[in-house]
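The values are calculated or read from the model by the stated rules, or taken from the named source; none is laboratory data. None of these values were measured; they are calculated from a predicted model. Cβ placement follows ideal geometry from the backbone for every residue including glycine, while neighbour counts extend to all protein chains displayed. Please note that ligands, DNA and RNA were not included when accessible areas were found on the heavy atoms of the full protein model with its side chains. Shrake-Rupley method; radii C 1.70, N 1.55, O 1.52, S 1.80 Å.
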Amino acid sequence: MLYGLIVFLPLIAAIVAGFGGRALGDRGAQVVTCGALIVSALLSGVAFYQVAWKGQPVTVELLTWIDSGAFDVMWSLRIDQLTAVMLVVVTWVSAVVHVYSVGYMAHDPHIPRFMAYLSLFTFAMLMLVTSDNFVQLYFGWEGVGLASYLLIGFWYHKPSANAAAIKAFVVNRIGDFGFGLGICGVFLVFGTVEFDPVFQTAPGFAGKTFEFLGMKLDMLTVICLLLFMGAMGKSAQVPLHTWLPDAMEGPTPVSALIHAATMVTAGVFLVARCSPLFEYAPDALAVVACIGAFTAFFAATVGLCQNDIKRVIAYSTCSQLGYMFFAAGLSAYAAAIFHLFTHAFFKALLFLGSGSVIHGMSGEQDMRRMGGLLAPLKITYVLMWIGSLALAGVPLFAGYYSKDAIVETAFMAGGKLGSFAFVMGVAAAFMTAFYSWRLLFMTFHGQNRHPDRHVIEHAHESPAVMLVPLYVLAAGSIFAGALFAQAFIGEGSPIFGASILVLPGHDALAQAHHAPLWVKLAPVAVGLAGIALAWWMYVRRPDLPGKLAAMHGDAHRFLLNKWYFDELYDALFVRPAKWLGHALWKRGDGKVIDGLGPDGIAALTLDIAKRATRLQTGYVYHYAFAMLIGVALLVSWYLYRGGM
């Protein structure tokens, strides 16, 4: 009953608000959805205590979903330690986003629809993390994709929002295609899609190969790489990352919900859930670590030059997800989930804090048109400082405990892979601190640069309904790391139990506790250096960024244009696809199919009819002549047949 309420309360709220919005009104829809999510969040806390803290995992079987020959799928809720952590993250962040939306969307004409979409998204994410088999996981996976499409394109009157929603949907379909193939591979190899039988028999398939196009491929490696394709799409890893910044076209609460703790972390959850497969596929783990480390570095470089306040935070999310993935690739799944846990609080705080700034600046998002907001937005300023301190990994804040553990794990993993991840992680930590304080200084310090004096004069703090959720997230950003570090990544901590498998030889996380002092200090040192550099460039010498951009124009344009990934994809995929579609439409469908088919037959029939009408002249001598010709032909045929 407890676990069913956690999962299905958001669905009930979505149905009630979505279909009964006219009867309930705006306030009624807000009360129903916010109330359901708050109850679900409180119950998730109870579940976390019972399952993760006391070590009492449970599986709740609901019904038989699919029964077709050898393919048998139950609809069950798997509540183990990993799920319990995700339940807390998803429901708590979703609850504060729901409450925040009451204030942020106060003047929107479609409030019930928006609140219903939020709750529907939360239900899909809860179905994903409580799934007990790959098909049920895929159901939640696709449900999250659908809900994100609806939320990103919520303001459908904006062409940019429609384009962003379509882009997110299409890019995720690429990853999901690989994910679907991976699930098919699981069924072909193991004969089932249920987690427990697959994970229990996985060791027996270690090292086994199959032949494909003349190549011998490792079964588990191929399956894991296909599953990881889905994770790359949902979690915006290079090269399937391009949808993430465009998704900022959605309302700010959507950005916080999708890009802080829920949809984008689904890929990290997937890799951790499938650790019993990945542990026996070391090559797949190496790919996960390499892509994660590169993404952490790449996204941080792009964040250095972005001017949209939400896009800076979006690339920060992409970078932090890279940390989580390279931790998982080094078998430090617990560290990856711990960073997911802490990141949810401070990244949601930063997104909603940026929403408070946008709200106070009458919808303005360009940091070049901000500045001087410290006086009118004092509370938001302090809260965003807290989020930025946690993001930069400053000691005593949440990000310090989780991100530093990942960097130390990379160093202790050793080898080329560990060294690469360590260097990328330290470099990204420096850039993270720099662009975080660049955001703060450009937004809150100096003179207000907005051209409209009316906007400047009416800049104001957000109402209490928007600030209270920020207080909750700020508390998590400060205390979540210190309170849960020992439980998540402490030596010998049993909090994840059997929900995550780490083979005996993969002990980099355990060794991280004994990393050299300079390794432990490196992320903090580069973080403080990044903060100092941002202060020098944007407070002490505000003329310097413009001079550097002019001096190194090519490099600045390269980063401002996000390494030209969008332009590259446009040239390689989008334009050829459009050309092919246009050719198939005009030439294939229009000229060939329609031309030779319905349109061609109709035109030929019409032409024959027109020609036939010319024979009907109305003159008797024409008809008599035709009759004589007919008689002549008939006699000729008769004589010819008689002669034979």
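Points worth noting:
- Taking the range 40-86 as the range and being more than 19 Å from ILE495 (Cβ to Cβ), aliphatic (A, V, I, L, M), touching a residue at least 60 places away in the same chain (Cβ under 8 Å) and open to solvent by less than 60 Å² (accessible area, probe 1.4 Å) as the test, the residues that pass are ILE66, VAL73, MET74, LEU77.
- When GLN365 is tested against (1) touching a strand residue (DSSP E or B) at 6+ places or on another chain (Cβ under 6 Å); (2) modelled with pLDDT of 90 or more; (3) not hydrophobic (A, V, I, L, M, F, W, C), just one condition goes unmet, and that condition is (2).
- Among the residues examined, VAL472 does not qualify as over 27 Å from the mean Cα position of the chain (by Cα) and part of a helix (DSSP H, G or I).
- Number of residues in the range 274-297 that are open to solvent by less than 20 Å² (accessible area, probe 1.4 Å) and outside any helix (DSSP H, G or I) equals 3.
- Yes/no for ALA300 being farther than 30 Å from GLN447 by Cβ and in a helix (DSSP H, G or I): no
- Selection within the range 526-548: residues that are open to solvent by less than 70 Å² (accessible area, probe 1.4 Å) and more than 30 Å from VAL407 (Cβ to Cβ). The member of this set that is farthest from the chain's Cα centre (by Cα) is ASP543.
- Test: GLY230 is open to solvent by less than 20 Å² (accessible area, probe 1.4 Å), part of a helix (DSSP H, G or I) and not hydroxyl-bearing (Ser, Thr, Tyr): yes
- Selected residue (criterion: farthest from VAL102 (Cα to Cα)) from residues of the range 451-464 that are of a type outside the set (Asp, Glu) and open to solvent by 20 Å² or more (accessible area, probe 1.4 Å): PRO451
- Residues in the range 107-124 that are in contact (Cβ under 8 Å) with a residue 24 or more places away in the chain and either under 14 Å from SER148 (Cα atoms) or hydrophobic (A, V, I, L, M, F, W, C) (or both): ILE111, ARG113, PHE114, MET115, ALA116, TYR117, LEU118, SER119, LEU120, PHE121, THR122, PHE123.
- Among residues of the range 465-482, those that are open to solvent by 30 Å² or more (accessible area, probe 1.4 Å) and more than 20 Å from GLU408 (Cα to Cα), counted: 7
- The residue list ALA421, ALA464, ALA485, ALA459 contains one member that is within 22 Å of ILE313 (Cβ to Cβ) and either touching a Pro at 6+ places or on another chain (Cβ under 7 Å) or hydrophobic (A, V, I, L, M, F, W, C) (or both), which is ALA459.
- Residue selected from the range 573-629 under the condition part of a helix (DSSP H, G or I) and of a type in the set (Lys, Arg), by the criterion farthest from THR242 (Cα to Cα): ARG611
- Residue match in the range 276-292 (condition: within 17 Å of the chain's Cα centre (by Cα) and under 19 Å from TRP563 (Cβ atoms)): yes
- So LEU568, is it closer than 27 Å to ASN307 by Cβ, touching a residue at least 40 places away in the same chain (Cβ under 8 Å) and either assigned to a helix (DSSP H, G or I) or open to solvent by 100 Å² or more (accessible area, probe 1.4 Å) (or both): no
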